[in-house]
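Have a look at the structure below, then the notes.
Coordinate-derived values only; no laboratory data. Everything numeric in this text was worked out from a predicted model, so none of it was measured. For neighbour counting, all protein chains shown are included, and Cβ atoms are generated from backbone atoms with ideal geometry for every residue, glycine included.
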Amino acid sequence: QVQLVESGGGLVQAGGSLRLSCAASGSIFSIIVMGWYRQAPGKQREMVAVVTSGGSTNYADSVKGRFTISTNNAKNTVYLQMNSLKPEDTAVYYCNFVVRSSATMTVMTNWGQGTQVTVSS
């Protein structure tokens, strides 16, 4: 079992900043990919930013230059620094860890509980 605990969401005015955190714990042999996704009302969940164990990153075009994904590998934690926020960034943000389980040695995908980010205009 892998547990993910997210924090850092909230309400912010347009142009403001927020930092999301997601810490993983449990039966983790290795982390393959960490990332952030979001889902706005009436829309499908979409990738925001991902980072591989090797440090390669990928961002959605809509957030490039404004959001930065980073990690603390010693703490199995991934962060999303969000700057210059826009009302269209309003969504529930979910962290995602793709890990190899130490219990079964299989690759598993795990999701956080979600944290609301609301950007007012």
If the reach is capped at under 20 angstrom between alpha carbons, list the aspartates and glutamates near K43, excluding any in the same chain fewer than eight residues apart.
D61, E88, D89
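What share of Cα pairs, in percent, lie more than 15 angstrom apart in the range 11-121? Please report the intermediate quantities before stating the final value.
Numbers: 3812 of 6105 pairs.
So the portion of pairs separated by more than 15 Å is 62 percent.
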Placing each pseudo-label 7 Å from Cα in the direction of the beta carbon, N72 and Q3 end up separated by a distance in nanometres of 1.8
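Charges only on Cβ, +1 for Lys and Arg, -1 for Asp and Glu: so what's the dipole of the chain about the Cα centre, in debye to the nearest 20?
80
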What distance in nm lies between label points placed 7 Å from Cα along the C-beta direction at A103 and S25?
1.5
Dimensions of the range 1-58 along principal axes (Cα, Å, largest first)?
40, 24, 22
The range 47-121 and the range 11-45: distance between their alpha carbon centers, rounded to Å:
4
Which residues does a label at A14 reach in the range 65-105, if reach means a backbone N under 11 Å from a point 7 Å past the Cα toward the Cβ?
85-89
Under a cut-off of 16 Å between alpha-carbon atoms, report the lysines in cross-link reach of K86, not counting same-chain residues fewer than 8 places apart.
K64
